[in-house]
């Protein structure tokens, strides 16, 4: 009888580990995957589907695939032999076109520098700690300006590169980022105008928003590419890309304005009245009280619009601007690379997924950070 | 009344633009020719790995640039889908459209456009998998067919099936690569487009022998460059740039022997074309004396262009067929350059 049972006063016994099977992965699986007969069946069905899809995909995309050493699809097939995998060689060979479009080879460093500057700018805009430093904030304003001069050229001794040479990922970024960053302030102004008590503001804002939202983006792009030059004086050369940027921006602004209006409508009247009671002017009350709350509520909707806009940039291929998809389509139309559509769509899909997923994760992070505790 | 003002202004601008001709001056002032091409069609217009455009249609753009600017490289290629090509040309965004465009009565007469010749005689055909066991287009009743939208192929197929009392289910596609992808994936039984494009598509299939092009050619598809109405000088330049390539082939002048031929005083036809004698052919077009010399030197004659882009040694392996010179049993025939 050497086992000693230690005596504890009543209620002072340290907590025992929970019985096995009620915590950890086993418990989680029991709760989430095998809680009932139908759930168990569905779990196994899901596993079976994963088994059917994932291993062959990995085999196709990575194990049997060819990246280097093939100059055409025929050579790809020769290298692969019996095991047919993906032929990524065309992405490798056309990488320059996918990233820069037809931007001149010797000037591409300018685009690279701009990419780095843009990445820094985005980092500064998104990370709060960096934003607090004034010099850094000024840099964030300067970087896009520098990028603009770098990419367009024609000044500071840089050769001019006309916009029709721009393409690929560069074009997607220019259209997407310009649309995103320029449309937000316009959208805020539009939303405030629409709910304004001054009829002239609300009238025009409503007309503008409803008109733009009532028309598909592709129609606006057609207007930009063909109809607009009928309305401009003959001989005037209004850059096609600039026209597209304007159309994309106003399109996105109209949508986001409605999202923000939804946010504004969710603010209780008491908040407006409280602002008035404090003697704040209209702009003060908007800036300090209403908009911070309204924008916070609108984050998921705004980011949703941004993601939609980023993906809509592929529509420019219809009016002859070659974004990554257009570049890829042109590549697989050549006799060397014809027939690689699966590879192309997987590649473009991964590209867009990375950026859209990134945006959506950031929006979640922002929501959590700004959450001031109205959660139940 | 006030609301009508913008409309009136824009209408005025519209008429003003149609009146303003002078495409040649515009091109020369700009220093670059804006040429509308396909977004990607093997043999006719595709960018290569280095980003340089190549193809039979591209060569026509280069010929016009060589004639008008003296440099075949001074071309800005504007890739266009079949849907927007005419609008873009009419709006003045491009100077010439060279995009496998079929010359038809309706297009010539209702769109305010002019066709400046035929750089490829084509015809519409059908391709089916061999496994289907079909040997004639007459057996295609009830088939689903991949057709590119906004093209004459759409109309031709509709007419052909109606005429033969058959039905079909169209599967509309936007581009040729989309059409091929759909056809390979089995979403349509039949793929129809111009015979040259069918050959191009078939050549890149994993197993070209598993597909047959049916013997029926159901339409005439004369493909050629297009310009806007209202500028006859520019129309002439495009027309004769193409003709110069044909005449050069007929005279046996190519990019290698042209200096030799131009120096031969006993060869007035060659000297006239190349601008090495006193003839003033270039001047009549408002161009440099060396306009045709530049075309042949930098682009080549029609045969060189054909063989380089779609001929026997390319993946397309197209015969000259209808596109042989009239002297060789084809129908490519250029009026004399005299």
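Odds and ends about this structure:
- So residue B:256, is it away from every other protein chain (no Cβ under 14 Å) and either at pLDDT 95 or above or in contact with a helix residue (DSSP H, G or I) (Cβ under 8 Å, 6 or more places away or on another chain) (or both): no
- Residues in region A:87-133 that are more than 29 Å from residue A:365 (Cα to Cα), free of Cβ contacts under 8 Å to residues at least 24 places away in the same chain and surrounded by fewer than 15 Cβ atoms within 10 Å (Cβ to Cβ): A:95, A:105, A:106, A:109.
- Filter result for residue A:238 (surrounded by fewer than 16 Cβ atoms within 10 Å (Cβ to Cβ) and within 14 Å of chain B (Cβ to nearest Cβ)): yes
- Check on residue B:64, assigned to a helix (DSSP H, G or I), facing chain A (nearest Cβ under 9 Å) and either farther than 28 Å from residue A:221 by Cα or at pLDDT below 95 (or both): no
- Qualifying residue in region A:244-257 (condition: farther than 21 Å from residue A:301 by Cα, within 14 Å of chain B (Cβ to nearest Cβ), assigned to a helix (DSSP H, G or I) and under 33 Å from the mean Cα position of the chain (by Cα)): yes
- Residue within region A:190-209 that is under 19 Å from residue A:308 (Cβ atoms), more than 14 Å from chain B (Cβ to nearest Cβ), surrounded by fewer than 20 Cβ atoms within 10 Å (Cβ to Cβ) and out of contact with any strand residue (DSSP E or B) (no Cβ under 7 Å at 6 or more places or on another chain) present: no
- Residues in region A:207-236 that are in a loop (DSSP other than H, G, I, E, B) and either within 19 Å of residue B:79 (Cβ to Cβ) or modelled with pLDDT of 90 or more (or both): A:214, A:215, A:216.
- Residue in region B:201-211 that is outside any helix (DSSP H, G or I), closer than 30 Å to residue B:95 by Cα, at pLDDT below 90 and within 14 Å of another protein chain (Cβ to nearest Cβ) present: no
- Scanning region B:151-170 for residues that are modelled with pLDDT of 90 or more, touching a strand residue (DSSP E or B) at 6+ places or on another chain (Cβ under 8 Å) and within 14 Å of chain A (Cβ to nearest Cβ) turns up nothing.
- Selection from region A:335-376 of residues that are touching a helix residue (DSSP H, G or I) at 6+ places or on another chain (Cβ under 9 Å), within 28 Å of residue B:179 (Cβ to Cβ) and in a helix (DSSP H, G or I): A:341, A:342, A:343, A:344, A:345, A:346, A:347, A:348, A:351, A:352
- If you go through region B:74-98 and pick out every residue that is closer than 21 Å to residue A:163 by Cβ and either in contact with a strand residue (DSSP E or B) (Cβ under 8 Å, 6 or more places away or on another chain) or away from chain A (no Cβ under 13 Å) (or both), you end up with 16.
- Test: residue in region B:89-99 that is without any contact (Cβ under 8 Å) to a residue 40 or more places away in the chain and more than 17 Å from residue B:191 (Cβ to Cβ): yes
- Tallying residues that are surrounded by fewer than 22 Cβ atoms within 10 Å (Cβ to Cβ) and within 13 Å of chain A (Cβ to nearest Cβ) within region B:176-197 yields 6.
- Those residues of region B:88-115 which are under 21 Å from residue B:150 (Cα atoms) and part of a loop (DSSP other than H, G, I, E, B), in sequence order: B:91, B:92, B:93, B:94, B:103, B:104, B:111, B:112
- Where helices (runs of 4 or more DSSP H) fall entirely within region A:1-105, those with at least 2 residues that are in contact with a helix residue (DSSP H, G or I) (Cβ under 9 Å, 6 or more places away or on another chain) and within 13 Å of chain B (Cβ to nearest Cβ) are at A:73-80, A:89-93, A:95-100.
The values are calculated or read from the model by the stated rules, or taken from the named source; none is laboratory data. Nothing here was measured: the structure is a model prediction, and the numbers come from that model. Counting neighbours? That spans all protein chains shown, and the Cβs are built from the backbone with ideal geometry, glycine included.
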